[in-house]
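Enquirer: Quick one: this structure, given as C-alpha coordinates, is what I'll be asking you about.
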Amino acid sequence: MLNNRRGNSRVTCISKCFLYHNGSRYSGVLENISISGALVSAGDSLPYVVQVGDSCDLVYCVDGVISPGEYPGTVVRLYSPKIGLQFKLPLTN
(Lines give C-alpha, C1' and ligand atoms only; values in the text may rest on other atoms or scores of the structure.)
Protein backbone atom coordinates (compact mmCIF):
# COMPACT_ATOMS: atom_id res chain seq x y z
CA MET A 1 0.00 0.00 0.00
CA LEU A 2 1.35 3.45 -0.87
CA ASN A 3 1.06 6.44 1.45
CA ASN A 4 2.11 9.88 0.21
CA ARG A 5 1.40 12.12 3.24
CA ARG A 6 5.00 13.30 3.68
CA GLY A 7 6.03 14.02 0.10
CA ASN A 8 7.65 10.67 -0.73
CA SER A 9 5.67 7.56 -1.47
CA ARG A 10 5.82 5.17 1.47
CA VAL A 11 5.37 1.45 1.13
CA THR A 12 3.76 -0.50 3.94
CA CYS A 13 5.95 -3.50 4.68
CA ILE A 14 5.50 -5.25 7.99
CA SER A 15 8.94 -6.87 8.28
CA LYS A 16 11.36 -7.72 11.06
CA CYS A 17 14.29 -5.32 11.38
CA PHE A 18 17.14 -4.32 13.68
CA LEU A 19 18.19 -0.87 14.81
CA TYR A 20 21.77 -0.25 15.88
CA HIS A 21 22.09 2.61 18.37
CA ASN A 22 25.19 3.48 20.41
CA GLY A 23 26.73 0.04 19.90
CA SER A 24 23.60 -1.93 20.83
CA ARG A 25 21.22 -3.88 18.60
CA TYR A 26 17.46 -3.70 19.10
CA SER A 27 14.83 -5.73 17.25
CA GLY A 28 11.75 -4.12 15.83
CA VAL A 29 9.23 -4.16 13.01
CA LEU A 30 9.66 -2.05 9.90
CA GLU A 31 6.17 -0.63 9.32
CA ASN A 32 6.80 1.46 6.24
CA ILE A 33 9.66 2.75 4.16
CA SER A 34 10.32 5.38 1.52
CA ILE A 35 13.34 6.64 -0.34
CA SER A 36 13.95 9.17 2.45
CA GLY A 37 13.08 7.31 5.64
CA ALA A 38 11.27 4.62 7.57
CA LEU A 39 8.89 4.06 10.47
CA VAL A 40 9.97 1.38 12.93
CA SER A 41 7.95 -0.06 15.79
CA ALA A 42 10.60 -0.85 18.39
CA GLY A 43 10.68 -2.91 21.55
CA ASP A 44 9.75 -1.41 24.88
CA SER A 45 13.29 -0.46 25.95
CA LEU A 46 14.56 1.30 22.82
CA PRO A 47 12.41 4.45 22.89
CA TYR A 48 13.74 5.24 26.37
CA VAL A 49 17.38 5.34 25.23
CA VAL A 50 16.83 7.07 21.87
CA GLN A 51 16.42 10.82 21.43
CA VAL A 52 15.37 12.88 18.43
CA GLY A 53 18.58 13.74 16.55
CA ASP A 54 20.35 10.48 17.45
CA SER A 55 21.97 8.38 14.74
CA CYS A 56 20.72 4.83 14.14
CA ASP A 57 21.46 2.20 11.52
CA LEU A 58 18.55 0.19 10.11
CA VAL A 59 18.94 -3.41 8.95
CA TYR A 60 15.83 -5.18 7.72
CA CYS A 61 14.95 -8.83 7.22
CA VAL A 62 12.92 -10.42 4.45
CA ASP A 63 11.63 -13.94 5.03
CA GLY A 64 14.04 -14.31 7.95
CA VAL A 65 17.09 -13.27 5.92
CA ILE A 66 18.99 -10.15 7.01
CA SER A 67 19.53 -7.61 4.22
CA PRO A 68 23.09 -7.16 2.96
CA GLY A 69 23.50 -3.60 4.18
CA GLU A 70 22.94 -1.09 6.93
CA TYR A 71 21.01 2.08 6.23
CA PRO A 72 22.24 4.99 8.35
CA GLY A 73 19.60 7.39 9.58
CA THR A 74 18.72 10.10 12.06
CA VAL A 75 15.79 9.88 14.48
CA VAL A 76 13.34 12.62 13.44
CA ARG A 77 10.18 11.46 15.23
CA LEU A 78 9.73 9.55 18.44
CA TYR A 79 6.37 8.43 19.75
CA SER A 80 6.83 5.31 21.82
CA PRO A 81 7.20 2.60 20.68
CA LYS A 82 7.49 4.03 17.13
CA ILE A 83 10.58 5.72 15.75
CA GLY A 84 10.69 7.80 12.57
CA LEU A 85 14.03 7.69 10.76
CA GLN A 86 15.31 9.95 8.02
CA PHE A 87 17.98 8.24 5.95
CA LYS A 88 21.36 9.88 5.57
CA LEU A 89 21.72 9.98 1.82
CA PRO A 90 25.17 10.39 0.28
CA LEU A 91 25.88 13.84 -1.12
CA THR A 92 26.76 14.09 -4.78
CA ASN A 93 28.93 16.73 -6.41
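The values are calculated or read from the model by the stated rules, or taken from the named source; none is laboratory data. Treat the numbers as computed from the prediction; the structure is a model and nothing was measured. Cβ atoms come from the backbone with ideal geometry, glycine included; neighbour counts cover every protein chain shown.
Enquirer: Can Tyr48 be described as modelled with pLDDT under 85, outside any loop (DSSP other than H, G, I, E, B) and either under 16 Å from Lys82 (Cα atoms) or of a type in the set (Asp, Glu) (or both)?
Expert: Taking the combined requirement at face value, the residue satisfies it.
Enquirer: What's the total number of residues in region 23-75 that are free of Cβ contacts under 8 Å to residues at least 40 places away in the same chain, among the hydrophobic types (A, V, I, L, M, F, W, C) and more than 15 Å from Val11 (Cα to Cα)?
Expert: Looking only at that region, the number is 7.
Enquirer: Let me ask something else. Quick check: anything in region 10-31 outside any strand (DSSP E or B), surrounded by 12 or more Cβ atoms within 10 Å (Cβ to Cβ) and modelled with pLDDT of 85 or more?
Expert: Checking region 10-31: not a single residue is outside any strand (DSSP E or B), surrounded by 12 or more Cβ atoms within 10 Å (Cβ to Cβ) and modelled with pLDDT of 85 or more.
Enquirer: So, in region 17-42, of the ones that are of a type in the set (Phe, Trp, Tyr) and more than 18 Å from Leu89 (Cα to Cα), which residue ends up farthest from the chain's Cα centre (by Cα)?
Expert: Among those that are of a type in the set (Phe, Trp, Tyr) and more than 18 Å from Leu89 (Cα to Cα), it is Tyr26.
Enquirer: Which of the residues spanning region 34-45 are hydrophobic (A, V, I, L, M, F, W, C) and at pLDDT 90 or above?
Expert: Ala38, Leu39, Val40
Enquirer: Restricting attention to region 43-63, which residues are over 9 Å from the mean Cα position of the chain (by Cα) and of a type in the set (A, V, I, L, M)?
Expert: Once the filter is applied, which keeps residues that are over 9 Å from the mean Cα position of the chain (by Cα) and of a type in the set (A, V, I, L, M), region 43-63 yields Leu46, Val49, Val50, Val52, Val62.
Enquirer: Just to verify a result, which residue in region 80-93, among those that are in contact with a Pro (Cβ under 6 Å, 6 or more places away or on another chain) and under 21 Å from Tyr48 (Cα atoms), is modelled with the highest pLDDT?
Expert: Pro81
Enquirer: For region 51-79, give me each residue that is in a strand (DSSP E or B), modelled with pLDDT under 90 and exposed (fewer than 14 other Cβ atoms within 10 Å of the Cβ).
Expert: Scanning region 51-79 gives Val62, Val65, Ile66, Tyr79.
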